[in-house]
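Participant: Pasting a structure here, questions to come.
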Amino acid sequence: MFAARLTRVPLTAFVTGLGKASSGHTSCMTIRTYANESRFGLRQAVKRKTLKEMAQAPATDTAFTLGRTGVAVASGLGIGALCYYGTGMSSETGAIDRAMLWPPVVRQRVKDTYMYFAGSIAMTAVSAIAVSRSPALMNLMMKNSWMAIGATFAAMIGSGMVCRSIPYQEGFGTKQLAWMVHSGIMGMVVAPLVLLGGPVLIRAAWYTAGVVGGLSAVAICAPSDKFLNMGGPLAIGLGLVLASSIGGMFLPPSTALGAGLYSVSMYGGLVLFGLFLLYDTQRVIKMAETHPQYAVQPFDPVNASIGIYIDTLNIFIRIAMMMAGGGGRKK
């Protein structure tokens, strides 16, 4: 590199300086300048190489330990919040305090929302079991090609958008059919989890029920707008988890950087969707209480249930993978 830089210096810089002390001094300064630039370039190359080596270095337990610590801290805060709000220590009233005063229409809206939520969980489970028994569909859902990943995302997002866009009407209609299709597609997406084994999935389902029940109790006991102001931070966190998940496609968890991305996606995602569940639960209650009874568009329990359904599904996926050993260090 140093020789290459010297060849770019004009020859007249040396010829015209013969017999002149000042010109000789200038030539020496020129040579020193190029030498310094060469050493700086070498140091930059060494630095880039070091960063690359750090990113591709073997993974340690640090990222996973930090992730587990974050989940433990979040769990402790959740239990503390449940005790604080559940025992009535807060001076503000929550939904549980107003529930006795709800008119029948509000009660029915909340009931319908959670009936659709339970139906979504049931149809997702049935769809996942059905797909797991078809080798052709399982091979399709387990493909790692970009085309297959893109088609999966398009199907999930597209079916959800179609379901939300259809106006709600009581009974069984186009809205309910789109809702069933969306739940079935989500079941196809999570079908590969059956490879973890029935006992693992059953325990994960029970743990998910406990987590969802506890967080729902916190949201109901807390003041009505306590978690409704978290929309902005939750959106930022979702972007971070999504970016970590995409980055994990290129960097395996066996590397230091890949382990960090995997930990953010797994443990950070679990905490994030727990917060989303608090937000969406209070949002359901707020919508049920404030939606006009004689509005042109009636209250939509299908759309209201999709948020808590997606949160629960993401929590279940992460708990199942952690219990199967996916949350530990990759050997």
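The values are calculated or read from the model by the stated rules, or taken from the named source; none is laboratory data. Keep in mind it's a predicted model, so treat the numbers as computed, not measured. No Cβ is skipped: glycine too gets one built from the backbone with ideal geometry, and neighbour counts run over all protein chains shown. In case anyone asks, the SASA skips ligands and DNA or RNA and just uses the protein heavy atoms, side chains included. Shrake-Rupley method; radii C 1.70, N 1.55, O 1.52, S 1.80 Å.
Participant: Quick check, is ILE202 out of contact with any helix residue (DSSP H, G or I) (no Cβ under 8 Å at 6 or more places or on another chain) and under 19 Å from ILE121 (Cα atoms)?
Facilitator: Considered against the rule, which asks whether it is out of contact with any helix residue (DSSP H, G or I) (no Cβ under 8 Å at 6 or more places or on another chain) and under 19 Å from ILE121 (Cα atoms), ILE202 comes out as yes.
Participant: If I filter the stretch 114-133 for residues that are crowded, with 16+ Cβ neighbours inside 10 Å, at pLDDT below 85 and hydrophobic (A, V, I, L, M, F, W, C), do I get at least one hit?
Facilitator: no
Participant: If you don't mind, another one. Within the set of pairs 6+ apart or on separate chains, which have a first residue in the stretch 223-238 that is more than 16 Å from LEU277 (Cβ to Cβ) and in contact (Cβ under 8 Å) with a residue 60 or more places away in the chain, a second that is of a type in the set (Phe, Trp, Tyr) and open to solvent by 30 Å² or more (accessible area, probe 1.4 Å), and C-beta atoms under 9 Å apart?
Facilitator: From the stretch 223-238, the pairs are PRO223/TYR85.
Participant: Filter the stretch 134-154 down to residues that are modelled with pLDDT under 85 and under 20 Å from TYR309 (Cβ atoms), then give me how many there are.
Facilitator: Of the residues in the stretch 134-154, 3 are modelled with pLDDT under 85 and under 20 Å from TYR309 (Cβ atoms).
Participant: Return the only residue of ALA320, ALA288, ALA324 being open to solvent by less than 20 Å² (accessible area, probe 1.4 Å), farther than 20 Å from PRO223 by Cα and either within 13 Å of the chain's Cα centre (by Cα) or not hydroxyl-bearing (Ser, Thr, Tyr) (or both).
Facilitator: None of the others qualify; the one that does is ALA320.
Participant: Another one. Pull up the stretch 260-314, narrow it to residues that are of a type in the set (Phe, Trp, Tyr) and touching a residue at least 24 places away in the same chain (Cβ under 8 Å), then point me to the one that is nearest to THR124 (Cα to Cα).
Facilitator: Residue satisfying both the conditions and the ranking: TYR309.
Participant: Identify, from the list VAL181, VAL190, VAL212, the residue that is touching a helix residue (DSSP H, G or I) at 6+ places or on another chain (Cβ under 7 Å) and either farther than 23 Å from LEU277 by Cα or open to solvent by 40 Å² or more (accessible area, probe 1.4 Å) (or both).
Facilitator: VAL181
Participant: Let me ask something else about it. Which numbered condition in (1) at pLDDT 85 or above; (2) open to solvent by 80 Å² or more (accessible area, probe 1.4 Å); (3) under 21 Å from the mean Cα position of the chain (by Cα) is the only one that TRP206 fails?
Facilitator: Answer for TRP206: the failing condition is (3).
Participant: Right, here's the next one. Pick from the stretch 221-250 the residues that are over 27 Å from LEU261 (Cα atoms) and at pLDDT 80 or above: which of them is surrounded by the fewest Cβ atoms within 10 Å (Cβ to Cβ)?
Facilitator: Checking each candidate, the answer is ASN229.
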